[in-house]
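Accompanying notes for the structure given below.
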Protein chains: 2
Amino acid sequence: MLPIAVDAMGGDRAPGEIVAGAIRAAEELGVPVLLVGRPEAIDAVGGPGPCAVLAASEVIAMDDDAGSSVRRMKDSSLVRAAEAVRDAKASAMVSAGNTGATMGSALLRMGRIKGVARPAVATPIPRPLGGHPMVLLDAGANAECSAAWLVQFAQMGAAFARQRYGIDAPRVAVLSIGEEPGKGNPLVKETWALLDADGGAALTAAGATFVGNLEGRDIMGDEADVIVTDGFTGNVALKTLEGGLKAIVAAIVDAFATTEETRAAAEVLLPALLPLYGRLDPDATGGALLLGVEGVCIISHGSSSADAVVNACRVAADAVEHDLVGSLRVFVY
Amino acid sequence: MLPIAVDAMGGDRAPGEIVAGAIRAAEELGVPVLLVGRPEAIDAVGGPGPCAVLAASEVIAMDDDAGSSVRRMKDSSLVRAAEAVRDAKASAMVSAGNTGATMGSALLRMGRIKGVARPAVATPIPRPLGGHPMVLLDAGANAECSAAWLVQFAQMGAAFARQRYGIDAPRVAVLSIGEEPGKGNPLVKETWALLDADGGAALTAAGATFVGNLEGRDIMGDEADVIVTDGFTGNVALKTLEGGLKAIVAAIVDAFATTEETRAAAEVLLPALLPLYGRLDPDATGGALLLGVEGVCIISHGSSSADAVVNACRVAADAVEHDLVGSLRVFVY
């Protein structure tokens with residue numbers, strides 16, 4: 001397998017945690033890893049270990065404007081990582097850096113899969129009660145979408161759910177504000193009509209099933225495997241969930257610390273709560289995928305730890321081995 | 001005070017819990033309550049107690065089409081409740097029934113406040129760590145919105161936050177997918193520009209402050225008091241939060257029940273967790289308000305208990321006493 005290009009400079013905890021994760025990925029997963037970034041920065045945190053290094057002198061900051069920085073900073077770690085995939089020097093790229101710039105680099109350097117109108121970010125949403133995650137897309141690549149794009153997102157999301165979670169015939173829903181076809185905004189209604197046409201042909205062609213509209217409250221439920229929406233709504237839903245869970249966990253931790261007695265009781269409960277914590281930990285899912293570009297591109301959470309990088313490399317290697325990109329080429333018209 | 005008209009027939013637990021709540025509201029809050037619905041149904045659950053009864057022979061079901069049922073069922077409890085407010089026989093209406101039909105009845109019978117383009121649903125989002133709720137609007141009245149409407153939602157939301165939570169100068173944000181003015185969809189960008197114009201004049205005129213864009217993860221945070229968005233996005237965000245919290249609480253309860261030891265520990269923690277549970281309980285907030293109609297209209301959760309009805313009547317009485325509707329008339333241009 002060609003190496004996985006890891007952006008050593010991207011993320012709130014870069015380069016330390018990223019380099020540590022890349023080294024662990026190479027050692028624990030047995031996959032070749034190419035660290036992309038400033039060699040001196042990599043050396044300053046202990047060196048690349050068993051990983052190869054691709055030098056890149058520039059760094060796109062977390063809050064840089066995505067569009068202009070990708071065009072301007074041609075020797076940035078992000079742009080170089082995407083180039084490595086394009087030039088068949090790497091099989092996939094992983095970054096915990098600037099999300100917009102990661103998408104921009106992948107799109108500009110790898111290009112779109114022929115026939116794909118727009119790439120979309122597919123984010124796995126963990127289910128607190130267990131089971132495979134729900135794939136939500138678009139989680140933020142396209143603030144405005146057409147219904148035809150959403151149909152492609154549905155097809156790509158289904159292919160990803162099959163490859164990643166082994167679901168034979170993924171169930172795909174449209175995110176709306178009511179389950180009836182007449183509910184929602186014009187985009188949702190039009191998408192529903194396209195996905196429902198000819199007995200759901202657009203999805204049966206992709207080996208999937210259209211299950212209609214679902215609501216926000218169903219995102220963590222089990223009535224579908226994939227849920228499609230425009231990138232604005234998807235991003236709002238994803239971050240609302242993230243903020244809500246964080247707030248509630250903080251409040252629970254507060255409650256646990258009320259008295260000496262509750263602190264002792266909380267310690268007894270900790271082992272029982274750990275699996276739940278593990279399921280909800282964004283570091284555990286391995287990050288989101290940019291689907292529709294000519295290569296595997298993993299967008300990890302900005303706060304990624306070394307663990308998150310290991311998991312992202314695992315997801316990347318899995319996507320490469322199972323030819324996720326090839327499976328997207330097949331059914332996108 | 002004129003009585004509060006309570007739709008006895010609306011909600012998953014109607015008429016039993018609704019009638020019980022109405023009676024308690026009359027007794028505990030000392031406000032007059034008018035139960036609207038089928039007298040025989042009210043009698044079948046023990047009668048109206050100290051409440052007056054306004055007979056209405058029809059019932060709009062939870063899943064009836066909102067538009068046609070409101071036009072067709074002129075003797076429904078919902079339409080009669082809205083008429084009672086219009087005809088100055090009631091000061092406010094409360095329903096846990098069909099949300100769309102509640103909005104439709106209020107809009108058709110009470111009419112809009114002069115100058116208000118569209119009424120919006122304002123939903124208080126509780127904060128797990130305490131403090132007053134965040135007012136989110138529009139939570140679902142208008143699936144499609146213009147920027148000018150969102151400016152009015154911002155003004156109305158500010159007036160409501162001041163009246164309901166005593167916030168002198170409410171901070172108002174726009175829900176987006178990034179804090180920068182350039183982020184978001186065209187609606188968000190245009191709304192930002194309108195709210196930012198002339199040093200934020202649209203909101204300073206309403207005694208409020210525009211604090212820019214916030215993201216989904218900030219809905220439960222404390223950087224604003226009011227957050228505005230279109231009814232599609234608002235409804236998705238609200239229900240995503242609801243579903244996410246429900247899923248996580250279910251998973252925690254599961255974890256608590258793992259062993260005899262964890263069950264015992266959970267019992268110790270229960271009293272410490274109760275205040276949090278109370279804050280998050282949708283029955284505790286008293287429901288959402290339809291802002292922009294010529295009267296107080298409270299939309300309670302479909303699952304409302306008697307407690308929820310008491311709280312809804314409390315919020316309604318408070319809005320009437322403080323002339324919420326009058327305060328909306330003042331600054332809407």
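Some notes on this structure:
- So residue B:278, is it surrounded by 24 or more Cβ atoms within 10 Å (Cβ to Cβ), part of a helix (DSSP H, G or I) and more than 7 Å from chain A (Cβ to nearest Cβ): no
- Members of segment A:209-223 found to be hydrophobic (A, V, I, L, M, F, W, C) and more than 7 Å from every other protein chain (Cβ to nearest Cβ), listed by number: A:210, A:211, A:214
- Residue B:212 being within 24 Å of the chain's Cα centre (by Cα), surrounded by fewer than 24 Cβ atoms within 10 Å (Cβ to Cβ) and at pLDDT below 95: no
- Take the conditions (1) surrounded by fewer than 18 Cβ atoms within 10 Å (Cβ to Cβ); (2) over 18 Å from residue A:200 (Cβ atoms); residue A:148 misses just one of them, which is (2).
- Per this entry, residue A:185 is counted among residues that are surrounded by fewer than 21 Cβ atoms within 10 Å (Cβ to Cβ) and within 11 Å of chain B (Cβ to nearest Cβ).
- Here residue A:226 does not fit the description of being more than 30 Å from residue B:268 (Cα to Cα), at pLDDT 90 or above and facing another protein chain (nearest Cβ under 7 Å).
- Any chance residue B:193 is buried (at least 19 other Cβ atoms within 10 Å of the Cβ) and assigned by TED's automatic domain parsing to the domain that holds residue B:137: no
- Residue in segment B:187-222 that is nearest to residue A:230 (Cα to Cα), counting only those that are assigned to a loop (DSSP other than H, G, I, E, B) and among the aliphatic types (A, V, I, L, M): B:219
- Residue satisfying condition, being crowded, with 17+ Cβ neighbours inside 10 Å, closer than 18 Å to residue B:329 by Cα and touching a residue at least 12 places away in the same chain (Cβ under 8 Å), within set B:173, B:158: B:158
- Hits in segment B:261-299 (condition: at pLDDT below 85 and within 14 Å of the chain's Cα centre (by Cα)): B:281, B:282, B:283, B:284, B:285, B:286
- Scanning segment B:4-29 for residues that are surrounded by fewer than 24 Cβ atoms within 10 Å (Cβ to Cβ) and either in contact with a helix residue (DSSP H, G or I) (Cβ under 9 Å, 6 or more places away or on another chain) or basic (Lys, Arg) (or both) gives B:13, B:16, B:17, B:20, B:23, B:24, B:28, B:29.
A quick yes/no check of all residues on (1) under 20 Å from residue B:19 (Cα atoms); (2) surrounded by 24 or more Cβ atoms within 10 Å (Cβ to Cβ); (3) of a type in the set (A, V, I, L, M):
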position: B:289; (1), (2), (3): no, yes, yes
position: B:297; (1), (2), (3): yes, yes, no
position: B:302; (1), (2), (3): yes, no, no
position: B:308; (1), (2), (3): yes, yes, yes
position: B:312; (1), (2), (3): yes, yes, yes
position: B:317; (1), (2), (3): yes, no, yes
position: B:323; (1), (2), (3): no, no, no
position: B:330; (1), (2), (3): no, no, yes
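- Residue selected from segment B:223-260 under the condition of a type outside the set (D, E, K, R) and part of a loop (DSSP other than H, G, I, E, B), by the criterion surrounded by the most Cβ atoms within 10 Å (Cβ to Cβ): B:229
- Scanning segment A:5-51 for residues that are in contact (Cβ under 8 Å) with a residue 60 or more places away in the chain, farther than 15 Å from residue A:317 by Cα and outside any loop (DSSP other than H, G, I, E, B) returns A:7, A:17, A:18, A:20.
The values are calculated or read from the model by the stated rules, or taken from the named source; none is laboratory data. Keep in mind it's a predicted model, so treat the numbers as computed, not measured. For neighbour counting, all protein chains shown are included, and Cβ atoms are generated from backbone atoms with ideal geometry for every residue, glycine included.
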